[in-house]
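For reference, the structure is listed below as structure tokens.
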Amino acid sequence: MTAPSLKQSRFLSLDVLRGLTVALMIVVNTPGSWSHVFAPLLHANWHGFTPTDWVFPTFLFVVGNALAFALPKYAALGDGAVVAKVARRSALIFLLGFLLYWFPFFGPDGQGGFHLLPLADTRIPGVLQRIGLCFGIAALVLHFGRERGGIVFAVLALLGHWLVLALWGDLTLAGNAAGKVDLLLLGERHVYRGEGIPFDPEGLLGTMPATVNVISGYFAGRMLLAKGATWEVLARLMMAGVVCVAVALCWSGVLPVNKKLWTGSYVLLTVGLDLLILPLLVYLVELRGEGKPRRWTYFFEVFGKNTLFIYLLSEVAVIVMVKTWVGQLTVYDWLYANAFAPLATPNVASLLFAVLFMLACWLVGWWLDRRRIYIKV
């Protein structure tokens, strides 16, 4: 077995990790029935951690992996061009997320016609919005501050976020500082209301610690790019992962692991898990597999090659099914009730719906890959 060249510009294992997170994001977002979901496929209600809580921060981690390969190319353009390029990409991802919540843009007016849905009631924060903001902040911090700046930002972001949570409220759903910031700056009508009260799990305050997930992915990617997929690198990544998990568990005694608040302990726990999982994938793909595509890796590569497009496609498809009716049921509910519910117990049928929906999205990605169509943002 030989390690990849130090000059290797791409690691298949990173594509596999990115594809894995997209596949899991689609599965956990689209159960056949939210009333029938296996517990590991649900987010923790508030404090706590489930496998589903690992998915989104890991996507941010792989954004950082990709940034490790892209940022040196950006730097060759000059500072002004880097700022423009990063700002444009960040803004576009944010805009796509905002338009996704405004979609389908028009709704029935109650008189047989349609009217433009009001922007005044459209949610502003969201998954893509957080990805766009975290990418932009991390890219600029790392470009201008280099590695040292990234470390300083990470420490200040985690401790500063903890300080704001401690000084401006409590750690309850109703009294936390993150919700107060969003209500103050965005207003009640522009935040998520699915928690029973206006509170957005992808709100503004949590964006700072979430950026640390991106920066951590950047450092892992830089180490692989600089030194290759060697046993020494894998050992270092795993040791860093163990340290992060240990610190997270100790910190959780005073700052609970909480995905919806994106607490510092949650950041370190998810980064630690990523630093343990990534070396395993590097071993399986780069060392044991000698970096060559295999059947199982190709499945995840498809998701990794048109990542944002496939995620957007999955979300738009769900919205269309939820907004379209068959008799008294939405198309989404009708499909589950008639095609899946009769097949198995409720939880299994609900999971089967999610998996088959994910595979349908994969087929679109496979069709694009076969034609070498790659939609980049």
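Data table
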{"item": "Sequence-distant residues sharing a close amide H with Val326 (under 5 Å, placed H)", "result": "Val331"}
{"item": "When each of Lys180/Lys259; Lys85/Lys376; Lys305/Lys376; Lys227/Lys305 is checked by Cα-Cα distance, pairs over 20 Å", "result": "Lys227/Lys305"}
{"item": "The stretch 125-182 - Kirkwood radius from inverse mean 1/r over Cα pairs (Å)", "result": "12.9 Å"}
{"item": "Fewest-first ranking of Ile277, Ile151, using other Cβ atoms within 10 Å as the exposure measure", "result": "Ile151, Ile277"}
{"item": "When the chain is reduced to its Cα atoms, the Kirkwood hydrodynamic radius in Å", "result": "21.9 Å"}
{"item": "Dipole magnitude of the chain, debye to nearest 20 (Cβ charges: Lys/Arg +1, Asp/Glu -1, about Cα centre)", "result": "1240 debye"}
{"item": "Cut-off under 5 Å, modelled amide H: who pairs with Val257 long-range", "result": "Gly48"}
{"item": "Dipole of the stretch 12-370 [Lys/Arg +1, Asp/Glu -1 at C-beta], most positive-end residue of Leu67, His47, Gly19", "result": "Leu67"}
{"item": "Centroid-to-centroid separation of the stretch 196-232 and the stretch 362-377 [C-alpha atoms, Å]", "result": "26 Å"}
{"item": "Kyte-Doolittle at least 0.5, axis length at least 15 Å by Cα - qualifying DSSP helices, the chain", "result": "12-29, 55-75, 79-102, 127-167, 207-227, 231-251, 264-282, 307-323, 346-370"}
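Read the figures in this text as sums done on the coordinates, not as results from a lab. Given the structure is predicted, the values throughout are model-derived calculations rather than measurements. Positions of Cβ are generated from backbone atoms using ideal geometry, with glycine treated the same way; all protein chains shown enter the neighbour counts.
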